[in-house]
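Enquirer: The structure under discussion is supplied below as structure tokens; questions concerning it will follow.
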Amino acid sequence: MKKIGLRRLSAIAAVSLSATVLAVIPAHAAGVTIKIITPNYTDAMPAYYEDLNARFMAANPDIKVEHTNLSWDDILVKGRTLVATDSTPDIMNLNTFSDYAAADLLYKATDIFDAATLADFVPAFINNSKYNGTAYAVPDLASARMFFYNKKLLYTSGVNKVPSTWAQVKKAAKKIKAKYPSVYPIALPLGSEEAQAEFAIWTGGNNGRYFDNASQKWVIDSKANVKTMKYLTSLVKAGLTQPSPASTNRTDAFKLFSQGKVAMINASVFFPSTLKDYKSKVDYGIAPFPHSKTGKSITLGVQDYFMAFKKPGNEAAVKAWMNFLFSPSNYAGFLKAAGGFIPATKSASSSVDSSLLPFIEQLPNAIFYPGDLAAWPKVAGALQTQLGTGVIGNPKAALAKIQKVAVAAGTK
Amino acid sequence: MNATDLVVRKVKKRRPANSILNALPWIGPAIALILFVVVWPAIELIKISMTEISSAGTLDGFNGLENFRKLFENPDLRTVAIRTIFWVFSVVLLTVLLSLPLAQLINQSFPGRKFVRWAMIVPWAASVVMTSIIWKWILELTSGEFNLTLQQLGLQDQPVDWLRDPRYSMYVLIWVAVFVSIPFTTFVILAGLQSIPNDIVEAAQVDGAGPWQIYRGIKFPLLRNALLIATIINLINVFNSFPIIWALTRGGPGYNTDTTITFAYKMAFVEYNMGPSTALGVINFAFIMAIVLIYLRVTKATRDQA
């Protein structure tokens, strides 16, 4: 998942610097070279990998690691072009894996890890890493989302109880709007950065999903989803959200919240550290995400993946590197550098920061994207670019259009 | 036609193959470069547009015109194509209309002219992405200088979301594109103005023509070549313009501010719809080729005239 792009520029500078450093190291005489491509969850990632790879290469003199750190924007583009241009990496860290698995490009998780290591991954996360019943990737970290609110804006507007249903959200928003006309009571970032997540968490609380597991069908234009879209549209029409929700990105919404211009927002587990980065003075509270009259509160679980690409002669090397990364102390360092995410292994989960606990408590109620379908990356793309048009145009037509894309993409 | 021309013609007629061979060492490197950076990528583009591409990026074999069929089935292509035409023509027209008086202005001599000319060329010399990001900051919803100024002047109660509200965003994009196109256009027209011989203007003055008459009857017609070239180069630049749109709106909301260029990119790298995107790439390329051919025609015509 994308951690916000606040520090993207400096990250890019760091990337190019470390790329130069790597480039001047002379090629090892014998042995294998593996190419690894990872996204920068934070600025700390390149330094973490530099140290990790130095120690790895010292312990494995036959293996040379060529590591590229990319911003999320870049890796989402590059991940697609590398395969097409015959420069497939050996290991990649990404937010999707399924279409690579479907194209038969990946090692099975059992080829890379022994049973004991595999058993240490949180079962729900490893299940999401399966394509056709076989794990082709492993989770590296995960996030859950909750309802963040600005205490001062709520309490001084006469909202004494944190809203837990849609009706209460609307009522509270109206009170806030009446008291503070220049504040946007609810942030609704349905711009292309994270529209699929924003809609999933609202509609999840109304029993709406993108994919129905029982019938193995896309249900993007289901009644529940249309109802959710209509509810969100009613918030927009009543002026209770920030203007132009269809093109507001999550990063923009986060900034508004950090400046005290938004009272309620859906945000991820790393949001507290983002607020710290923004030097925000907002006193905020965290609550389970509100739901509709017929639904119940859920959270959206999102995970990323590590995957190893099948290439002649690289199996031993990728196996060694992946096991090195997931050894407890190195993995602890990874989580620290990535900043504020939920660990993907049971052993690391036992010693998490207490600020993560409310989010981990939500995990039993988590819904996930259908990330195990090869069609998911395509469908997610259509959701990202088009969902927002539902709240500024015709809610039903927007969902029907995406449903069509999903059906054409298939259910495998 | 004078004598030398005749001799050259005769030589050409007698030994055409030989003269091409003779020329090859001189034009060879240029031809090789063109083959490598223009022709080869174009062939690759056409080849890949007839290939099945999975969303993972694997090439799964020849599929004929399937990618084109899927592209034309896309319900949004039509509106995006119409918008692209609107975008190109409105930007180029506004640019030329604004550049004509500006060129006239900086052609006058006045104190500080050098500084004004220098200041005018900055938006062109600066990277387009940089200019776009500065405009993004200026027009930002709550912290942008534009909204803040309007509010301080009491012209606005609630800030307007210039870049994200589809009612305004396309016009904002057009303005920024005009802003970055004006310097180049103005300087091409200025060059045209400076090439007008002074004696013609003086002769007209002697005959009693007023400034407006001189402009309409003499200067403007003589600017024809400069205007044609400025227009056509702008057509190509504006059609190809990716960074302004991508930096300011990413073509959103939905496809509301996409042109066929950003649409092709969005299809490939946001929606992972590689096949139809390559088909659109071919169509974009064909459009550019058509404009380039017109450009070559026009420049040849004006050369022959001169």
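The values are calculated or read from the model by the stated rules, or taken from the named source; none is laboratory data. Note that the coordinates shown come from a computational prediction; the quantities given were computed from them, not determined experimentally. As a convention, Cβ positions derive from the backbone with ideal geometry for all residues, glycine included, and neighbour counts pool all protein chains shown.
Enquirer: Could you list, in sequence order, the residues of the stretch B:23-78 that are assigned to a loop (DSSP other than H, G, I, E, B), more than 11 Å from chain A (Cβ to nearest Cβ) and either at pLDDT below 90 or farther than 25 Å from residue B:258 by Cα (or both)?
Expert: Hits for the stretch B:23-78 are B:63, B:64.
Enquirer: Residue check, residue B:140 against (1) in a loop (DSSP other than H, G, I, E, B); (2) exposed (fewer than 13 other Cβ atoms within 10 Å of the Cβ), all met but one. Which one?
Expert: (2)
Enquirer: Let me ask another. Going through B:102, B:94 one at a time, which residue ends up being closer than 30 Å to residue B:223 by Cβ, touching a Ser or Thr at 6+ places or on another chain (Cβ under 7 Å) and either modelled with pLDDT of 90 or more or loosely packed, with under 12 Cβ neighbours inside 10 Å (or both)?
Expert: Result: B:102 is the single residue among B:102, B:94 that is closer than 30 Å to residue B:223 by Cβ, touching a Ser or Thr at 6+ places or on another chain (Cβ under 7 Å) and either modelled with pLDDT of 90 or more or loosely packed, with under 12 Cβ neighbours inside 10 Å (or both).
Enquirer: Specify which of the listed residues (A:230, A:237, A:261) is within 11 Å of chain B (Cβ to nearest Cβ) and surrounded by fewer than 23 Cβ atoms within 10 Å (Cβ to Cβ).
Expert: Step by step, each of A:230, A:237, A:261 is checked, and only A:261 is within 11 Å of chain B (Cβ to nearest Cβ) and surrounded by fewer than 23 Cβ atoms within 10 Å (Cβ to Cβ).
Enquirer: Another one. Just wondering, is there one or more residues in the stretch B:236-244 that are within 17 Å of residue B:164 (Cβ to Cβ), at pLDDT below 95 and more than 12 Å from chain A (Cβ to nearest Cβ)?
Expert: Checked against the condition, which is being within 17 Å of residue B:164 (Cβ to Cβ), at pLDDT below 95 and more than 12 Å from chain A (Cβ to nearest Cβ), the stretch B:236-244 yields at least one hit.
Enquirer: Considering every residue within the stretch A:384-403, establish whether at least one is away from chain B (no Cβ under 14 Å) and β-branched (Val, Ile, Thr).
Expert: no
Enquirer: Report yes if some residue within the stretch A:105-128 is hydrophobic (A, V, I, L, M, F, W, C), surrounded by 14 or more Cβ atoms within 10 Å (Cβ to Cβ) and at the interface with another protein chain (Cβ under 9 Å from one of its Cβ atoms); otherwise report no.
Expert: yes
Enquirer: It is to be established whether one or more residues within the stretch A:198-219 are crowded, with 20+ Cβ neighbours inside 10 Å, in a loop (DSSP other than H, G, I, E, B) and of a type in the set (Asp, Glu).
Expert: No, the stretch A:198-219 contains no residue that is crowded, with 20+ Cβ neighbours inside 10 Å, in a loop (DSSP other than H, G, I, E, B) and of a type in the set (Asp, Glu).
Enquirer: Considering only residues that are within 14 Å of another protein chain (Cβ to nearest Cβ), in a helix (DSSP H, G or I) and either under 23 Å from residue B:289 (Cα atoms) or touching a residue at least 40 places away in the same chain (Cβ under 8 Å) (or both), which ones fall in the stretch B:247-274?
Expert: The answer is B:247, B:248, B:262, B:263, B:264, B:265, B:266, B:267, B:268, B:274.
Enquirer: Would you confirm whether any residue within the stretch A:97-104 is under 30 Å from residue A:375 (Cβ atoms), in contact (Cβ under 8 Å) with a residue 60 or more places away in the chain and assigned to a strand (DSSP E or B)?
Expert: No - not one qualifying residue is present in the stretch A:97-104.
Enquirer: How about the stretch A:322-345: which of its residues are closer than 19 Å to residue A:91 by Cβ and among the small types (Gly, Ala, Ser)?
Expert: Matches in the stretch A:322-345: A:327, A:333, A:337, A:338, A:344.
Enquirer: Does any residue of the stretch A:44-51 turn out to be more than 14 Å from chain B (Cβ to nearest Cβ), within 23 Å of the chain's Cα centre (by Cα) and closer than 17 Å to residue A:307 by Cα?
Expert: yes
Enquirer: Could you identify the single residue in A:191, A:158 that is within 14 Å of chain B (Cβ to nearest Cβ), modelled with pLDDT under 95 and either buried (at least 22 other Cβ atoms within 10 Å of the Cβ) or farther than 27 Å from residue A:387 by Cα (or both)?
Expert: Testing whether each residue is within 14 Å of chain B (Cβ to nearest Cβ), modelled with pLDDT under 95 and either buried (at least 22 other Cβ atoms within 10 Å of the Cβ) or farther than 27 Å from residue A:387 by Cα (or both) leaves just A:191.
Enquirer: Among residues belonging to the stretch A:264-285 that are under 24 Å from residue A:208 (Cβ atoms) and either part of a helix (DSSP H, G or I) or within 19 Å of the chain's Cα centre (by Cα) (or both), point out the one that is nearest to the other protein chains (Cβ to nearest Cβ).
Expert: A:265
Enquirer: Please enumerate the residues belonging to the stretch A:239-253 that are more than 15 Å from residue A:195 (Cβ to Cβ) and either at pLDDT 95 or above or part of a helix (DSSP H, G or I) (or both).
Expert: Residue satisfying the conditions is A:240 alone.
Enquirer: In the stretch B:180-199, is there at least one residue being within 14 Å of chain A (Cβ to nearest Cβ), of a type in the set (Ser, Thr, Tyr) and outside any helix (DSSP H, G or I)?
Expert: Within the stretch B:180-199, not a single residue is within 14 Å of chain A (Cβ to nearest Cβ), of a type in the set (Ser, Thr, Tyr) and outside any helix (DSSP H, G or I).
Enquirer: Being charged (D, E, K, R) and either part of a loop (DSSP other than H, G, I, E, B) or in contact with a Lys or Arg (Cβ under 7 Å, 6 or more places away or on another chain) (or both) is the filter here, so list the residues in the stretch A:147-177 that pass it.
Expert: A:161 - this is the single residue of the stretch A:147-177 that is charged (D, E, K, R) and either part of a loop (DSSP other than H, G, I, E, B) or in contact with a Lys or Arg (Cβ under 7 Å, 6 or more places away or on another chain) (or both).
Enquirer: Sticking with this structure for a sec: Do any helices (runs of 4 or more DSSP H) entirely within the stretch A:1-94 hold 1 or more residues that are modelled with pLDDT of 95 or more and not assigned by TED's automatic domain parsing to the domain that holds residue A:252, and if so, which?
Expert: Counting at least 1 such residues, we get A:45-59.
Enquirer: Something else about it: For the stretch B:130-151, check the following and say yes or no: at least one residue is modelled with pLDDT under 90, on the phi > 0 side of the Ramachandran plot and either more than 26 Å from the chain's Cα centre (by Cα) or not small (Gly, Ala, Ser) (or both).
Expert: no
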